[in-house]
Amino acid sequence: MENSIGVVRSVLAILQWWGFNVTVIIMNKWIFQKLNFKFPLSVSCIHFICSALGAYIAIKLFKVKPLIEVDPEDRWRRIFPMSFVFCINIVLGNVSLRYIPVSFMQTIKSFTPATTVFLQWLVWRKHFDWRIWASLVPIIGGILLTSITELSFDIFGFCAALIGCLATSTKTILAESLLHGYKFDSINTVYYMAPFATMILAVPALVLEGSGVVNWLQTHEAVLPSMIIILSSGVLAFCLNFSIFYVIHSTTAVTFNVAGNLKVAVAVLVSWLIFRNPISVMNALGCAVTLAGCTFYGFVKQKLSQQPGTPQTPRTPRSRVEMLPLVNDKQDKVFL
């Protein structure tokens with residue numbers, strides 16, 4: 001009976017995580033494409049503000065998780081640099097959504113395992129088992145096939161998504177070194193990083209997009225309903241992190257990895273049904289190969305982590321430090 005309840009709880013946790021994740025991605029694309037609110041910095045800033053407020057309410061008022069105390073010096077020395085990379089990651093995700101379809105963006109984001117391994121190998125000279133390198137072959141091959149056959153290819157959006165993968169990998173690597181000694185969960189991560197990210201992004205958003213936002217407010221036909229949608233995407237962005245908290249504690253690392261890859265497939269399907277962006281057969285094949293490679297990578301990483309004396313590979317979501325995106329991502333499953 002307990003096993004059945006556990007399975008049901010895990011399935012419900014995964015479904016609500018999928019729901020929040022896909023909804024946030026689709027809403028962001030809708031904001032850029034249908035509402036003509038082409039200001040990714042401002043959208044990201046709104047997400048950060050909503051997430052900071054949501055984390056404060058969850059920890060201080062509802063006591064969902066106990067607050068992890070961090071020394072003031074460590075907030076600037078450790079958390080601020082991570083917040084900066086975190087901010088770049090989310091902004092680039094939203095920038096890429098403005099220029100390329102959701103399906104293409106999600107496939108490129110699946111390149112994160114490869115960028116993480118390459119960065120750790122190049123910068124830290126970290127050793128990886130040959131099976132890890134082998135698992136990257138279908139990921140890289142699928143990305144290349146998808147990019148070559150993408151009918152709505154945009155070089156700016158492609159580069160933004162690709163650099164976003166590097167930012168995600170950098171954030172994950174920094175988490176291991178900068179946050180050593182702090183056992184962060186997703187809610188505390190948002191609590192500390194979202195205010196810094198808001199502070200970092202506020203001035204660039206105001207300078208680069210301020211006049212455009214004012215002009216949009218003056219000329220857009222349905223400002224109030226549109227603003228409700230934009231603010232709702234920020235609230236759902238925080239809910240996504242909240243849902244990740246339950247998924248991590250309700251599933252195993254392998255289940256989390258497989259569910260994450262299936263989530264990408266769901267996002268691609270839903271986005272196609274809504275926006276009807278053209279997808280060729282070879283493009284769909286490239287996406288499938290990439291997701292299969294990500295699943296294989298997660299499986300190999302889990303197997304190696306269970307072998308005593310094996311050099312540690314990039315950490316799984318159930319590791320001591322849980323770094324998760326506010327609006328998206330798959331290895332850390334964290335902001336778009």
Name every residue in the range 30-57 that is of a type in the set (Ser, Thr, Tyr) and either within 15 Å of Ser226 (Cα to Cα) or in a loop (DSSP other than H, G, I, E, B) (or both), in order of residue number. Ser42
Quick one: how many residues across the range 139-150 are buried (at least 21 other Cβ atoms within 10 Å of the Cβ), in a helix (DSSP H, G or I) and not aliphatic (A, V, I, L, M)? 2
Starting from residues that are surrounded by 20 or more Cβ atoms within 10 Å (Cβ to Cβ) and more than 23 Å from Leu236 (Cα to Cα), keep the ones in the range 174-196 and report whichever is modelled with the lowest pLDDT. Leu179
Taking only the range 80-117 into account, find how many residues are over 13 Å from the mean Cα position of the chain (by Cα) and charged (D, E, K, R). 1
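Is it true that some residue in the range 58-75 is buried (at least 21 other Cβ atoms within 10 Å of the Cβ) and assigned to a helix (DSSP H, G or I)? Quick ask: steps written out before the conclusion?
Within the range 58-75, the first condition is being buried (at least 21 other Cβ atoms within 10 Å of the Cβ), and the residues that meet it are none.
No.
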Taking the range 151-172, which residues are crowded, with 19+ Cβ neighbours inside 10 Å and under 16 Å from the mean Cα position of the chain (by Cα)? Ala160, Ala161, Gly164, Cys165, Leu166, Ala167, Thr168, Ser169, Thr170, Lys171, Thr172
Determine if the range 83-106 includes at least one residue that is touching a Phe, Trp or Tyr at 6+ places or on another chain (Cβ under 8 Å), in a loop (DSSP other than H, G, I, E, B) and over 18 Å from Tyr191 (Cα atoms). yes
Tell me which of these Ser211 doesn't satisfy, since it passes every other one: (1) touching a residue at least 60 places away in the same chain (Cβ under 8 Å); (2) more than 26 Å from Val117 (Cβ to Cβ); (3) of a type in the set (Gly, Ala, Ser). (1)
Hits in the range 122-138 (condition: part of a helix (DSSP H, G or I) and either in contact with a helix residue (DSSP H, G or I) (Cβ under 9 Å, 6 or more places away or on another chain) or at positive phi (or both)): Val123, Arg131, Ile132, Trp133, Ala134, Ser135, Leu136, Val137, Pro138
Inside the range 215-251, can you point out the residues that are more than 25 Å from Ala55 (Cα to Cα) and in contact (Cβ under 8 Å) with a residue 60 or more places away in the chain? Trp216, His220
Go through the range 110-125 and give me each residue that's charged (D, E, K, R) and in contact (Cβ under 8 Å) with a residue 60 or more places away in the chain. none
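The values are calculated or read from the model by the stated rules, or taken from the named source; none is laboratory data. Bear in mind the structure is a predicted one, so any value in this text is a computation, not a measurement. For neighbour counting, all protein chains shown are included, and Cβ atoms are generated from backbone atoms with ideal geometry for every residue, glycine included.
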